[in-house]
Amino acid sequence: QVQLVESGGRLVQAGGSLRLSCAASGRTFSNYIMGWFRQAPGKEREFVAAIIWSDVNTVYTDSVKGRFTISRDNAKNTVYLQMNSLKPEDTAVYYCAAKTRLLNIRAEYDYWGQGTQVTVSS
């Protein structure tokens with residue numbers, strides 16, 4: 001069992017940057033695959049990025065490649081999402097998620113945070 005708490009969301013202007021954080025409980029944080037998802041108003045939740053145990057193994061959805069960076073600090077039980085060059089279409093509630101199964105890295109996560117709102121103004 002792991003509990004996840006996101007923070008860092010706020011209103012930012014287009015072209016700006018934000019760093020989201022997700023603090024996880026539990027002693028086996030390093031064993032989890034960590035992901036970020038987002039859900040915009042009226043849309044389904046979508047995969048954004050995932051990190052598989054270390055900063056070397058990362059996956060991104062195409063729309064954020066080159067702008068977003070996922071990273072983790074296993075000593076602090078925290079995963080981050082650095083978001084640069086933000087666009088109005090990045091506006092969404094961002095969720096942190098965790099899983100242990102390596103199969104289908106973009107879906108089927110077991111644990112979810114409550115979400116943090118990111119609003120990008122034009």
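The values are calculated or read from the model by the stated rules, or taken from the named source; none is laboratory data. Given the structure is predicted, the values throughout are model-derived calculations rather than measurements. With ideal geometry, Cβ positions are generated from the backbone for all residues, glycine too; neighbour counts draw on all protein chains shown. SASA here: full protein model, heavy atoms, side chains in, ligands and nucleic acids out. Shrake-Rupley method; radii C 1.70, N 1.55, O 1.52, S 1.80 Å.
Check cross-link reach from Lys76 to the lysines: straight Cα distance under 21 Å, and skip same-chain residues fewer than eight apart.
Straight-distance partners of Lys76: Lys99.
Give the long-range amide H neighbours of Thr91: residues separated by 5 or more places, or on another chain, with amide H under 5 Å away, using H modelled in the peptide plane at 1.01 Å from N.
Correct list: Val120.
Please tell me the relative contact order of the chain in percent, rounded to the nearest whole number, where contacts are Cα pairs under 8 Å and at least six residues apart.
About 36 percent, as a whole number.
Round to a whole number: what % of the accessible area of the chain belongs to carbon and sulfur, probe 1.4 Å?
For the chain, the apolar C and S fraction of the accessible surface comes to 47 percent.
Find which of Trp36, Gly26, Ala107 sits farthest along the positive direction of the dipole of the chain, computed with +1 on the beta-carbon of Lys and Arg, -1 on that of Asp and Glu, about the Cα centre.
So the residue furthest toward the plus end is Gly26.
Check each of the trypsin sites (Lys or Arg not before Pro) in the stretch 86-121 and keep only those in coil by DSSP with at most 11 other C-beta atoms within 10 angstrom; list them in order.
In loop regions of the stretch 86-121 (DSSP not H, G, I, E or B), the sparsely surrounded trypsin sites (Lys or Arg not before Pro) are Arg101.
Report, in debye and to the nearest 20, how large the dipole of the chain comes out about its Cα centre when Lys and Arg carry +1 and Asp and Glu carry -1 on their Cβ.
140
Using 0.36 nm per residue, how much length does the chain from Gln114 to Gln39 gain when fully extended, once their Cα-Cα distance is taken away?
25.8 nm
Read phi for every residue in the stretch 8-25 and hand back ³J(HN,Hα) as whole Hz from Karplus 6.51 cos²θ - 1.76 cosθ + 1.60, θ = phi - 60°, with x for Gly and Pro.
Karplus values, whole Hz, x for Gly and Pro: x, x, 6, 7, 9, 7, 4, x, x, 10, 8, 10, 8, 10, 9, 8, 10, 8.
For Lys87, go through the lysines and keep the ones whose alpha-carbon is under 26 Å away, minus same-chain ones fewer than eight residues off.
Here the lysines satisfying the reach criterion relative to Lys87 are Lys43, Lys65.
Please work out the Cα center distance from the stretch 73-122 to the stretch 20-40, rounded to the nearest Å.
Computed from Cα coordinates, the inter-centre distance equals 8 Å.
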